[in-house]
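See below for the structure under consideration.
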Amino acid sequence: MPARRSTGRDPLRSARPAADPRATTVGVDLGGTKIAYAVVAADGRVIATHRHPTRAERGADAIVADLTRCLRECLGPRGRSAGAIGVGIAGQIDARGVVVSSPNLGWRAVPLEFLLAASAGLPVTVTNDLRAITYGEWKLGAGRGARDLVCVFVGTGVGGGIVADGRLRYGATNTAGEIGHTTLIAGGRRCHCPNRGCLEAYVGGWAIAERAREAVAADPARGRRLVRLAGRAEAISARTVARASAGGDPLARELVRTTGDYLAAGLVSVANAFDPARIVLGGGVLDGLPSLLPYVARRVRGAALGVVARRLRILPAALGGRAGVLGSAAMARLRLPGGI
Ligand SMILES: [Zn+2]
């Protein structure tokens, strides 16, 4: 086995042998409605996949039993020969892989990493889903080769992950990367966290819908098209705004532009605080509004500190619908013997 180049930062680790590049890992995207699995090679090649509904109401023990059975049976021999398992979950996960809270699953204080490792007999890592996706984008996607990278995913909520100086950042409580809950406007819009004025409270899917409904209530004549598309004012969603904007509706276009302005303002702070070489943007809201990324990129480059802006590239996420399983499988490689 060839000797690995020492980074000089972690002599104990760098003295260990490298993980077997032939070993496969299983990535699991454990969501509120479905569980997706993939057996993945070191280079990101997907070897086998499987998925089934979550039915989270059955409780954590039933889900652990499902996971173990699917690893052994549904994924075939490549699943059985995998060296480690990575699980990504939307929610707060502590450093030991305990799901502190996951609203999508209705879980609190579930020691999933321990339960699954005991049941499956393999090393397991349980991670926040967007942290896992960040890691996947870094190793296999739009962040490949970068030492400094921030991923920001704008979906219903806003989350992300940070790679600094060539290392994924975890933080003191395993919460690093919650960029959605950085303050954009002191005393601003109420967030789902204890704070007010968070980035997510302006650009998250739920917040876009809320802002759109308020704009319609304030000016029903301008909001007519949004109401018609949604059926009724209370049903207006971020998707309604995207559709109306694509159709040229002035109010929807204004909502999209202000969303871009808020997101750019948040990303200027990210750029200046972390000095990343790349910011990778993804998530359902950005996928639904393809004009947003170039707009935001232009504004960030215009407002970030000069040296930061000159170096910075702002790119779309590259892993698409498989990001969850690929990212979790990539993180599982850290649990292989000799994994780094
Ligand atoms: Zn918040």
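Just so it is clear, none of the values below were taken in a lab; they were calculated from the coordinates. Note that the structure is a prediction, hence the values are computed from the model and not measured. FYI the Cβ positions are ideal-geometry reconstructions off the backbone, even for glycines, and counts take in every protein chain you see.
Can you give the direction-averaged projected area of the convex hull of the alpha-carbon atoms in the chain, in nm²? Could you put the intermediate results ahead of the total?
On the way: hull surface 73.2 nm².
Orientation-averaged projected area of the Cα hull: 18.3 nm².
Of all DSSP beta bridges in segment 56-126, what percent run antiparallel (nearest 5)? Please report the intermediate quantities before stating the final value.
Numbers: 5 of 8 bridges.
In segment 56-126, approximately 60 percent of DSSP beta bridges are antiparallel ones.
Would you mind calculating the gained length between Asn104 and Leu305 on full extension (0.36 nm times residue separation, minus the Cα-Cα distance), in nm to one decimal? The partial results should precede the final answer.
Values: separation 201, 0.36 × 201 = 72.36 nm, distance 3.82 nm.
68.5 nm is the gain from fully extending Asn104 to Leu305.
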Taking the Cα centre of the chain as origin, work out the dipole magnitude from +1 charges on Lys and Arg Cβ and -1 charges on Asp and Glu Cβ, in debye rounded to 20.
680
Residue by residue through segment 53-59, what is 3J(HN,Hα) from phi via Karplus (6.51 cos²θ - 1.76 cosθ + 1.60, θ = phi - 60°)? Round to whole Hz and write x for glycine and proline.
x, 7, 6, 4, 4, 6, x
Table column - 3J(HN,Hα) (Hz), segment 26-31, Karplus curve with 6.51, -1.76, 1.60, x for Gly and Pro:
10, x, 10, 9, 9, x
Mind listing the long-range amide H neighbours of Ile93? Cut-off is under 5 Å, sequence gap 5 or more, other chains count too, H placed in the peptide plane at 1.01 Å from N.
Val100, Asn128
Trypsin sites (Lys or Arg not before Pro) in segment 19-64 lying in a DSSP loop, each with at most 16 other Cβ atoms within 10 Å of its Cβ, come to Arg22, Arg45, Arg55
Neighbour cut-off at most 16 other Cβ (10 Å), DSSP loop, trypsin sites (Lys or Arg not before Pro), segment 190-275
Arg222, Arg232
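Pull out the extension gain between Ala41 and Arg144, defined as 0.36 nm times the separation in residues minus the alpha carbon to alpha carbon distance; nm, one decimal.
Values: separation 103, 0.36 × 103 = 37.08 nm, distance 1.63 nm.
Extra length from Ala41 to Arg144 when fully extended: 35.5 nm.
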Convert each backbone phi in segment 43-52 into a coupling constant with the Karplus relation 6.51 cos²θ - 1.76 cosθ + 1.60 (shift: θ = phi - 60°), then list the ³J(HN,Hα) values in order as whole Hz, x for Gly and Pro.
8, x, 5, 8, 9, 8, 9, 7, 8, 7
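With charges only on Cβ, +1 for K and R and -1 for D and E, what is the dipole size of segment 123-241 about its Cα centre, in debye, rounded to 20?
My answer is approximately 360 debye.
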To the nearest 0.05, what FRET efficiency results for Ala233 and Thr183 with a Förster distance of 30 Å applied to their C-beta separation?
0.55
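Enumerate by residue number the chymotrypsin sites (Phe, Trp or Tyr not before Pro) in segment 217-309 meeting two conditions: DSSP loop (anything except H, G, I, E, B), and at most 12 other Cβ atoms within 10 Å of the site's Cβ. Kindly include the intermediate steps, with their values, before the conclusion.
On the way: sites: Tyr262, Phe274, Tyr295; in loops: none.
Sparse-neighbourhood loop chymotrypsin sites (Phe, Trp or Tyr not before Pro): none present.
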